[in-house]
1. Determine, from the Cβ-Cβ distance of GLN163 and ARG87 and an R0 of 41 Å, the FRET efficiency 1/(1 + (r/R0)^6), rounded to the nearest 0.05.
2. What does the net charge come to around LEU148 if you take all other residues with beta carbon closer than 13 Å to its beta carbon, with K and R at +1 and D and E at -1?
3. Could you sort ASP112, ASP98 by accessible area so the largest value comes first, with the probe set to 1.4 Å?
4. Would you grab the residues whose amide H sits under 5 Å from the one on MET41? Only those 5+ places off in sequence or on another chain, please, with H modelled 1.01 Å from N.
5. Apply the Kirkwood formula to region 42-166: the hydrodynamic radius equals the inverse of the mean of 1/r over all pairs of different alpha-carbon atoms; give it in Å with one decimal.
6. For GLU122 and ALA60, calculate 0.36 nm times their separation in residues minus their Cα-Cα distance, and state this gained length in nm to one decimal.
7. Over region 90-174, what is the relative contact order in percent, taking alpha-carbon pairs closer than 8 angstrom and at least six residues apart?
8. Over the Cα atoms of region 86-151, Rg to Rh with Kirkwood Rh, two decimal places?
Amino acid sequence: MEHSAINILPTGVRTCSTVSLALLLISACAPLQQGQQLIGMREADVQARFGAPTDTFYLADGTHRWIYSTQPLGSESYAATFYREGRLGMYKQMLQYDELNKAIVGNWTKRDVEEHFGRSREPVQYFRLMAREVWTYRVGQTGDWHVLYHFYFDAGGVLRNVQVTPDPLFEVLT
(Lines give C-alpha, C1' and ligand atoms only; values in the text may rest on other atoms or scores of the structure.)
Protein backbone atom coordinates (compact mmCIF):
# COMPACT_ATOMS: atom_id res chain seq x y z
CA MET A 1 0.00 0.00 0.00
CA GLU A 2 1.45 3.34 -1.06
CA HIS A 3 1.20 6.35 1.26
CA SER A 4 2.17 9.92 0.62
CA ALA A 5 4.61 11.47 3.05
CA ILE A 6 1.97 13.78 4.44
CA ASN A 7 -0.27 10.87 5.49
CA ILE A 8 2.34 9.54 7.89
CA LEU A 9 2.84 12.85 9.70
CA PRO A 10 1.34 13.21 13.18
CA THR A 11 -2.04 14.95 13.15
CA GLY A 12 -0.68 18.19 14.64
CA VAL A 13 2.03 18.45 12.00
CA ARG A 14 -0.44 17.58 9.23
CA THR A 15 -2.82 20.32 10.45
CA CYS A 16 0.03 22.80 10.64
CA SER A 17 1.09 21.89 7.10
CA THR A 18 -2.47 22.32 5.85
CA VAL A 19 -2.79 25.71 7.51
CA SER A 20 0.63 26.80 6.18
CA LEU A 21 -0.27 25.78 2.63
CA ALA A 22 -3.63 27.55 2.82
CA LEU A 23 -2.05 30.75 4.16
CA LEU A 24 0.65 30.65 1.50
CA LEU A 25 -1.91 30.28 -1.30
CA ILE A 26 -4.15 33.01 0.12
CA SER A 27 -1.31 35.48 0.56
CA ALA A 28 0.06 34.76 -2.92
CA CYS A 29 -3.20 35.66 -4.65
CA ALA A 30 -4.43 38.43 -2.32
CA PRO A 31 -3.18 41.26 -4.59
CA LEU A 32 -4.78 39.56 -7.61
CA GLN A 33 -8.17 39.64 -5.90
CA GLN A 34 -8.06 43.44 -5.91
CA GLY A 35 -7.92 43.79 -9.71
CA GLN A 36 -11.45 45.19 -10.01
CA GLN A 37 -10.04 48.44 -8.61
CA LEU A 38 -7.91 48.81 -11.75
CA ILE A 39 -10.78 48.93 -14.29
CA GLY A 40 -10.02 51.65 -16.83
CA MET A 41 -6.27 51.64 -16.19
CA ARG A 42 -3.67 51.14 -18.89
CA GLU A 43 -1.80 47.87 -19.45
CA ALA A 44 1.43 49.28 -18.01
CA ASP A 45 -0.32 50.13 -14.73
CA VAL A 46 -1.84 46.66 -14.46
CA GLN A 47 1.51 45.02 -15.19
CA ALA A 48 3.23 47.27 -12.65
CA ARG A 49 0.72 46.11 -10.04
CA PHE A 50 0.61 42.37 -10.80
CA GLY A 51 3.72 41.67 -12.87
CA ALA A 52 3.83 39.78 -16.14
CA PRO A 53 0.76 37.64 -16.91
CA THR A 54 1.09 33.87 -17.10
CA ASP A 55 -0.74 33.84 -20.47
CA THR A 56 -1.64 36.39 -23.14
CA PHE A 57 -4.32 35.93 -25.81
CA TYR A 58 -5.54 38.13 -28.66
CA LEU A 59 -9.28 37.61 -28.96
CA ALA A 60 -11.39 37.63 -32.12
CA ASP A 61 -13.28 40.77 -31.05
CA GLY A 62 -10.09 42.85 -31.07
CA THR A 63 -9.56 42.81 -27.32
CA HIS A 64 -6.76 40.95 -25.65
CA ARG A 65 -6.69 39.02 -22.41
CA TRP A 66 -4.02 38.51 -19.83
CA ILE A 67 -4.38 35.56 -17.50
CA TYR A 68 -2.87 35.56 -14.03
CA SER A 69 -2.96 31.93 -12.94
CA THR A 70 -2.16 30.56 -9.48
CA GLN A 71 -2.22 27.01 -10.91
CA PRO A 72 -1.07 24.26 -10.47
CA LEU A 73 -1.35 24.44 -6.66
CA GLY A 74 -3.62 27.47 -6.50
CA SER A 75 -7.25 27.43 -7.55
CA GLU A 76 -7.62 30.81 -9.20
CA SER A 77 -7.11 32.17 -12.68
CA TYR A 78 -7.80 35.87 -13.14
CA ALA A 79 -8.60 37.27 -16.57
CA ALA A 80 -7.71 40.89 -17.31
CA THR A 81 -9.36 41.84 -20.60
CA PHE A 82 -8.17 45.01 -22.32
CA TYR A 83 -10.09 47.04 -24.89
CA ARG A 84 -8.44 47.96 -28.18
CA GLU A 85 -7.17 51.25 -26.77
CA GLY A 86 -5.26 49.33 -24.08
CA ARG A 87 -7.44 50.03 -21.05
CA LEU A 88 -8.63 47.35 -18.65
CA GLY A 89 -12.31 46.65 -19.29
CA MET A 90 -12.95 43.43 -17.37
CA TYR A 91 -11.21 41.67 -14.51
CA LYS A 92 -12.61 38.41 -13.17
CA GLN A 93 -11.71 35.17 -11.42
CA MET A 94 -12.49 32.62 -14.13
CA LEU A 95 -12.22 29.34 -12.22
CA GLN A 96 -15.65 29.51 -10.67
CA TYR A 97 -18.84 27.66 -11.54
CA ASP A 98 -20.58 30.41 -13.54
CA GLU A 99 -17.57 30.66 -15.86
CA LEU A 100 -16.67 26.95 -15.96
CA ASN A 101 -20.23 26.08 -16.95
CA LYS A 102 -19.92 28.26 -20.07
CA ALA A 103 -17.72 25.58 -21.67
CA ILE A 104 -19.96 24.00 -24.31
CA VAL A 105 -19.29 20.36 -25.16
CA GLY A 106 -19.13 19.86 -28.92
CA ASN A 107 -18.63 23.58 -29.53
CA TRP A 108 -15.66 24.83 -27.53
CA THR A 109 -12.10 24.07 -28.63
CA LYS A 110 -8.77 23.93 -26.85
CA ARG A 111 -8.29 27.57 -27.80
CA ASP A 112 -11.61 28.56 -26.20
CA VAL A 113 -10.66 26.84 -22.94
CA GLU A 114 -7.20 28.46 -22.93
CA GLU A 115 -8.56 31.93 -23.67
CA HIS A 116 -11.16 31.63 -20.95
CA PHE A 117 -9.23 29.91 -18.13
CA GLY A 118 -5.58 30.14 -19.14
CA ARG A 119 -3.35 27.22 -20.00
CA SER A 120 -3.62 24.17 -17.80
CA ARG A 121 -0.64 23.94 -15.45
CA GLU A 122 -1.31 20.28 -14.62
CA PRO A 123 0.37 17.61 -16.76
CA VAL A 124 -1.71 16.89 -19.86
CA GLN A 125 -3.09 13.35 -19.87
CA TYR A 126 -3.97 11.24 -22.86
CA PHE A 127 -6.40 8.31 -22.73
CA ARG A 128 -5.57 6.16 -25.72
CA LEU A 129 -8.69 3.96 -25.69
CA MET A 130 -10.94 7.03 -25.60
CA ALA A 131 -8.64 8.97 -27.94
CA ARG A 132 -9.00 11.95 -25.64
CA GLU A 133 -6.51 14.52 -24.38
CA VAL A 134 -7.39 15.81 -20.90
CA TRP A 135 -6.59 19.19 -19.38
CA THR A 136 -7.12 19.68 -15.66
CA TYR A 137 -7.79 22.80 -13.58
CA ARG A 138 -7.87 23.01 -9.78
CA VAL A 139 -10.98 24.85 -8.58
CA GLY A 140 -11.47 26.02 -5.00
CA GLN A 141 -14.99 26.42 -3.74
CA THR A 142 -16.51 27.74 -0.56
CA GLY A 143 -16.20 25.62 2.52
CA ASP A 144 -14.30 22.36 2.32
CA TRP A 145 -15.23 21.41 -1.25
CA HIS A 146 -12.33 21.57 -3.70
CA VAL A 147 -12.57 19.97 -7.12
CA LEU A 148 -10.67 19.31 -10.31
CA TYR A 149 -12.29 20.17 -13.64
CA HIS A 150 -11.16 17.85 -16.42
CA PHE A 151 -11.73 18.96 -20.03
CA TYR A 152 -11.62 16.09 -22.58
CA PHE A 153 -10.71 16.96 -26.18
CA ASP A 154 -10.91 14.80 -29.29
CA ALA A 155 -8.14 14.58 -31.93
CA GLY A 156 -9.53 17.71 -33.64
CA GLY A 157 -9.22 19.72 -30.42
CA VAL A 158 -12.99 19.90 -29.80
CA LEU A 159 -14.29 19.65 -26.22
CA ARG A 160 -16.12 16.32 -25.87
CA ASN A 161 -16.62 15.92 -22.12
CA VAL A 162 -16.22 17.79 -18.84
CA GLN A 163 -15.68 15.81 -15.66
CA VAL A 164 -15.60 17.14 -12.10
CA THR A 165 -13.83 15.11 -9.41
CA PRO A 166 -12.81 15.76 -5.81
CA ASP A 167 -9.37 17.34 -5.53
CA PRO A 168 -7.06 14.71 -3.98
CA LEU A 169 -4.67 17.43 -2.79
CA PHE A 170 -7.24 18.65 -0.32
CA GLU A 171 -8.36 15.14 0.65
CA VAL A 172 -4.76 14.34 1.64
CA LEU A 173 -4.33 17.58 3.57
CA THR A 174 -7.46 17.24 5.71
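The values are calculated or read from the model by the stated rules, or taken from the named source; none is laboratory data. As the structure is a computational prediction, the values presented were derived from the model and not from experiment. Positions of Cβ are generated from backbone atoms using ideal geometry, with glycine treated the same way; all protein chains shown enter the neighbour counts. We work out accessible area using only protein heavy atoms, side chains counted, and drop any ligands, DNA or RNA first. Shrake-Rupley method; radii C 1.70, N 1.55, O 1.52, S 1.80 Å.
1. Working from the Cβ atoms, E equals 0.60.
2. Once positives and negatives cancel, what remains is -1.
3. So, going from the largest accessible area down, we get ASP98, ASP112.
4. Residues meeting the amide H criterion: LEU88.
5. Details: mean 1/r = 0.0658 Å⁻¹.
After inverting the mean inverse Cα-Cα distance, the result is 15.2 Å.
6. Contour length minus Cα-Cα distance gives 19.7 nm.
7. It comes to 25 percent, rounded to a whole number.
8. 1.01
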